[in-house]
Amino acid sequence: MKVLVLGAGVVGVTSAWYLARAGHEVEVVDRQPGAGLETSFANAGQLSFGYSSPWAGPGIPLKALKWMFMQHSPLVIRPRLDPAQWSWLLQMLKNCTESAYQTNKSRMVRVSDYSRTALADLREETGIGYDGLQRGTLQLFRTQYQMDHSADDVRILTQSGVPCALLDREACVAVEPALARVKDKFVGGLHTPEDETGDAHIFTQRLAALCAEKGVKFRYNTAIKRILVEGGDIAGVETSAGVLKADRYLMALGSFSPKLLAPLGLKIPVYPVKGYSITVPIADAAAAPASTVMDETYKIAITRLGDRIRVGGTAEIAGYDNTLHEERKKTLLHSVQDLYPQGGQYEQAKFWTGMRPMTPDGTPIIGPTKYSRLFLNTGHGTLGWTMSCGSGKLAADLVTGQRPNIEYADLAMARYA
Ligand SMILES: Cc1cc2nc3c(=O)[nH]c(=O)nc-3n(C[C@H](O)[C@H](O)[C@H](O)COP(=O)(O)OP(=O)(O)OC[C@H]3O[C@@H](n4cnc5c(N)ncnc54)[C@H](O)[C@@H]3O)c2cc1C
C-alpha cells in the first residue's frame, strides 16, 4: 500500500517510520527544507509520560484570570476577531469540569504510556540518540502554598500508577544538585522519576534518516495547497510540485491541519497556542540542570539537553502569529537565571517560538475521517514529542487496517460530533 504522509514534524516522521517498518511504500511531504523544522524544532524537551494531563481542568478559569495580571505570566491572550479563537476558548472552558478532566486525562495517559514503550523499543531497535536522558522531572515549588496544594496532583498521579514523590528542599537538591546554590528560592518539589528528556528536533531528523534507509521518500520544500476530492473520496493532494497520489493519506500538519481540512467539510478544533523557548550553551555543567525542572510559579520547563539548556514555556493565544516578543524571552531568562545563575552562557540564548497544535480537550486526534482514504494524526498540543511514537504507531495501524494494541475509538475526530 502507498501512503502519503502530510507533514514532517515529529508526528509525521514517527508515523512514516511505523508505516515503513510494516512494509508499506511511504512518501512524506513538507514545505520546509528538512524534518522537524516547525513546532518540533525547539520545544522544552520533556518526555512527560507521567505528567500527561490536559490544561483544561477544574480551577483553571480562576487561575487563568489571576495569571493575566501577573508579571512574567504563563498565559497571554491576544483577542482576535476570529470565530475559531472564541469557539476554541469556549470549548476549553467546557472541558474545565472534573468529569471532562478525568476523561481527557485517561485518554492522554493511554497514548503517553503507549509512547513510552514504543520509544524504548525504538531506541533498542535502532540505537537512535537525541541528547536523551531518563532521569525524571522535578516540579519545583517556590511557595509553601504550591507545596500544600500538590496533594491533588499526587493523588491523580498515584491513581494513574505513575511513581512520584513529594520532596523537601534537601531531597530536591539530591535530585538536582545545582539547586544547592539557590536553596532559599524554593521550598520543595514533586518528583516523577520515570519521565525522560530529549531533543525532539535531533530525534526527528535522525528518525527521518532511518526512514530514508527503509525506502521512505521525503519531498521537502513542497507546499501542500489543497486536498482533492473526487467521487466522495480523496483523489490526491495538490502541491507546489504537482498532484501527488497514494492509496491512503495521513495528515500530520500540526496547527495547520484545520486549514486544509475545512474545505473538505471536516472541522477539527485545533488551535495554534504559541510558546517560546531559549537554548543556551552550558557554562558550568555542575551549575546546570541534571534533567528537567518545572518552575511551577512561571510554568516554565528547564531541561538539560546534552551541552545545552533548553527553557520553554508560555501559552499565548494569538492565532497564526509567530512574532518573537522580547518580553517573553525576559520571562524565560528570569526563571532560569534565578535557579541556575551560573549554569548557562545566557548572553548567547537563541530565542524561538512555535505553535502548539492544541485541542480544547488536550487529547490528540488520531484516526479515520468520513473519507475512507484520509486519516488524521494531529492536535498533540503541549505533548506532541511525548506522544509521538505511540501516536505514530497507532496511526500506522489504523491507516493500514491493522488492529492497534490500545483502545482508539475515542481518539478519533468523531468524539467532537
Ligand atoms: C514552547 C513549546 C514547548 C513545548 N514543549 C514540549 C515538551 O516539553 N514536550 C512535549 O512532548 N511537547 C512539547 N511541545 C509540543 C510539541 O512540540 C508539539 O506538540 C509537536 O512538535 C507537534 O508536532 P507535529 O508534528 O504535530 O507538528 P509540527 O512539528 O509543526 O509539524 C507539522 C509539519 O507540517 C508542515 N506543514 C504545515 N502546513 C504545511 C503545508 N501547507 N504544506 C506543507 N507542509 C506543511 C510543517 O512544515 C511542519 O513540518 C512544546 C511546544 C512548544 C511550542
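Derived scalar couplings between HN and Hα for region 244-249 equal 10, 10, 7, 7, 9, 10 Hz in order, rounded to whole Hz, by the Karplus curve 6.51 cos²θ - 1.76 cosθ + 1.60 (θ = phi - 60°), x for Gly and Pro. Peptides 205-217, 148-160, ordered by how many other C-beta atoms sit within 10 Å of their residues on average, highest first, read 205-217, 148-160. Considering only LEU374, LEU81, LEU89, the Gaussian network model of the chain with Cα springs below 10 Å gives its largest mean-square fluctuation to LEU81. Here the accessible area is traced with a 1.4 Å probe on the protein chains. For region 12-57, carbon and sulfur cover 48 percent of it.
Near ASN43: Cβ cut-off under 10 Å, other residues only, Lys/Arg at +1 and Asp/Glu at -1. The net charge is +1. Relative to the Cα centre, the charge distribution of the chain, modelled as +1 at Lys and Arg Cβ and -1 at Asp and Glu Cβ, gives a dipole magnitude of about 920 debye.
Helices assigned as whole DSSP H runs in the chain whose Cα atoms extend at least 15 Å along their own long axis and whose mean Kyte-Doolittle hydropathy is -1.0 or higher are found at 10-21, 83-94, 200-213, 384-399. Tell me whether region 297-417 comes out rounded, prolate or oblate; compute the Cα gyration tensor, take square roots of the eigenvalues as a ≥ b ≥ c, and use a/c under 1.5 as the rounded threshold. Since a/c reaches 1.5 and a/b is larger than b/c, the shape of region 297-417 is classed as prolate.
In percent, rounded to a whole number, the relative contact order of region 99-253 is 22, using alpha-carbon pairs under 8 Å and six or more apart. Put simply, the amide H of GLY9, placed in the peptide plane, has neighbours under 5 Å in GLY36, leaving out anything fewer than 5 places away on its chain.
Relative contact order, whole percent, for the chain stands at 28, derived from Cα pairs under 8 Å and 6 or more residues apart.
The peptide list 407-417, 35-45, put in order of mean Cβ contacts within 10 Å with the highest first, becomes 35-45, 407-417. Given axes a ≥ b ≥ c from the Cα gyration tensor, I'd like to know whether the chain is rounded (a/c under 1.5), prolate (a/b larger than b/c) or oblate. Prolate. For region 263-405, with all protein chains in place and a probe radius of 1.4 Å, 47% of the accessible heavy-atom surface sits on carbon or sulfur.
Computed 3J(HN,Hα) for region 36-49, one whole-Hz value per residue from the Karplus formula 6.51 cos²θ - 1.76 cosθ + 1.60 where θ = phi - 60°, is x, 9, 9, 5, 7, 7, 9, 6, 6, x, 8, 9, 8, 4, glycine and proline marked x.
Taking amide H positions as modeled 1.01 Å from N, with prolines and chain starts lacking one, the residues under 5 Å from THR39 and 5 or more places away or on another chain are MET355. Between PHE186, ALA200, LEU119, whose Cα lies farthest towards the positive end of the dipole of region 61-208 when Lys and Arg beta carbons carry +1 and Asp and Glu beta carbons carry -1, centred on the Cα centre? Going by the Cα projections, it comes out as PHE186.
For VAL229, nonlocal amide neighbours, meaning residues 5 or more places apart or on other chains whose placed amide H falls under 5 Å from its own, are ALA235.
When each of the peptides 378-388, 231-241 is scored by how many other beta carbons lie within 10 Å of its residues on average, the order from highest to lowest is 378-388, 231-241.
A simple charge model with +1 on the Cβ of Lys and Arg, -1 on the Cβ of Asp and Glu and nothing else charged puts the dipole of region 63-168 at about 460 debye relative to its Cα centre. The phi torsions of region 24-34, fed into the Karplus equation with coefficients 6.51, -1.76 and 1.60 and a -60° offset, translate into couplings of 8, 7, 10, 10, 10, 10, 8, 6, 7, x, x Hz, rounded to whole numbers, with Gly and Pro shown as x.
The values are calculated or read from the model by the stated rules, or taken from the named source; none is laboratory data. Being a predicted model, the structure only gives us computed values, none of them experimental. Cβ atoms come from the backbone with ideal geometry, glycine included; neighbour counts cover every protein chain shown. These area figures cover heavy atoms from the full protein model, side chains too; ligands, DNA and RNA do not enter into them. Shrake-Rupley method; radii C 1.70, N 1.55, O 1.52, S 1.80 Å.
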